[in-house]
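Engineer: Below is one structure. I have some questions about it.
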Amino acid sequence: MRLCKSLIAIFLALISNCISAQDTLWIVRGEWTHIPDSVQAIRFNSSADWSGINATLSRASDESTSLVVVNTDSLSHTWKLHVDEEEEWAIEAFDTLTFEIPALPIGTYLFGLTDEIGRVLGASGQLQVGLGVEFPLFHWNLGDWSVQRMASANMGVPVAWEEPYVPEQFTINERTYPATVDDPEALVAMNLGDTCWISIANHGFMDHVFHFHGFHVIMVSSTHHPERVGWSKDTVPIRMGEGLVVQLVANQMGMYPVHNHNLIAVTNAGFYPGGMITQIHVMP
């Protein structure tokens, strides 16, 4: 009897380990209050509970894994992992599906909903592959938002893609400055002489350019410009849909801003300062 109970316990432990190794994402709809304008949004959350912040996935490099996606929304959606071989998957309302994530080299990759309402309402995140092992890791999910477009899409009105795009809000990890510096994932805090990596994903509908005060960063990987790997820059362009990893060496102490080089992108609905601004803190 004791042997039987022991075998059952081992079996349950193995099942538990398998389940914990397989990430699950929930598609959740809710009220997004992390920007000055409160709007309806859709997010990939790490649980069924609503959060205005998209979850981040982490995987080892060169290993294929699986991912469970649970759609808690009353609408069906399409989901895609943005890699070389792109394939969209339909997820019906209140359905659960399991997807295979292929073996990928070190880098940052984007995933998200590709149907119109899912994309406009912001369900997208980053897959970090082989990161956070050699050096401490920070991450920036970049987003630009037209509140009017989001409100219209939420009511089922088709987006007029041919009309000029005029976003009012610009975010890092779904937050606007000054809330970005309260985010330990966005605020780069490190000690003098240390090295870190920053994982950047542009989920927006426009290109962005980031300027680092006080430092040059080295390009580690890029989904759009692999020829730039190894470049040392203080101003880094991130194309729409691009995943990028940069390395920063804290070679001087102090507090330094990092910001979008587009003036409108460092405002909150036109009010400066705001939007895509964060900081680098280097301590003794």
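Engineer: Touching a helix residue (DSSP H, G or I) at 6+ places or on another chain (Cβ under 7 Å), under 18 Å from TYR177 (Cα atoms) and in a loop (DSSP other than H, G, I, E, B) - does that describe any residue in region 259-268?
Structural biologist: The answer is no; no qualifying residue exists.
Engineer: Between VAL129, VAL133, VAL120, which is under 19 Å from the mean Cα position of the chain (by Cα), among the hydrophobic types (A, V, I, L, M, F, W, C), closer than 30 Å to ILE277 by Cβ and at pLDDT below 95?
Structural biologist: Only one candidate passes the filter, namely VAL133.
Engineer: Please determine, by comparing only the residues of region 159-170 that are out of contact with any Phe, Trp or Tyr (no Cβ under 7 Å at 6 or more places or on another chain) and not charged (D, E, K, R), which one is surrounded by the most Cβ atoms within 10 Å (Cβ to Cβ).
Structural biologist: PHE170
Engineer: OK, next. For residues that are more than 18 Å from the chain's Cα centre (by Cα) and not basic (Lys, Arg), tally how many sit in region 227-252.
Structural biologist: Here the count works out to 12.
Engineer: Follow-up. Do you know which of the residues in region 96-117 that are in a strand (DSSP E or B) and within 22 Å of LEU248 (Cβ to Cβ) is nearest to the chain's Cα centre (by Cα)?
Structural biologist: Among residues in region 96-117 that are in a strand (DSSP E or B) and within 22 Å of LEU248 (Cβ to Cβ), the one nearest to the chain's Cα centre (by Cα) is LEU110.
Engineer: Which residues, taken from region 214-237, are polar (S, T, N, Q) and surrounded by 15 or more Cβ atoms within 10 Å (Cβ to Cβ)?
Structural biologist: Matches in region 214-237: SER221, SER222, THR223.
Engineer: Sticking with this one: Hey, ALA186 hits all of (1) part of a loop (DSSP other than H, G, I, E, B); (2) in contact with an Asp or Glu (Cβ under 9 Å, 6 or more places away or on another chain); (3) under 22 Å from PHE135 (Cα atoms) but one; which does it fall short on?
Structural biologist: (2)
Engineer: When residues of region 122-153 are filtered for being surrounded by fewer than 17 Cβ atoms within 10 Å (Cβ to Cβ) and either assigned to a strand (DSSP E or B) or small (Gly, Ala, Ser) (or both), how many remain?
Structural biologist: Looking only at that region, the number is 3.
Engineer: Collect the residues in region 61-99 that are surrounded by fewer than 17 Cβ atoms within 10 Å (Cβ to Cβ) and of a type in the set (Phe, Trp, Tyr), keeping them in residue-number order.
Structural biologist: If the condition is that a residue be surrounded by fewer than 17 Cβ atoms within 10 Å (Cβ to Cβ) and of a type in the set (Phe, Trp, Tyr), then TRP89, PHE94 are the ones that fit.
Engineer: Would you please name the residue that is surrounded by the fewest Cβ atoms within 10 Å (Cβ to Cβ), looking only at residues in region 175-213 that are more than 16 Å from ILE277 (Cβ to Cβ) and aliphatic (A, V, I, L, M)?
Structural biologist: Filtering first and then ranking leaves LEU192.
The values are calculated or read from the model by the stated rules, or taken from the named source; none is laboratory data. All values reported here derive from a predicted model rather than from experimental measurement. Methodologically, a virtual Cβ is constructed for each residue, glycine included, from the backbone with ideal geometry; neighbour enumeration extends over all protein chains shown.
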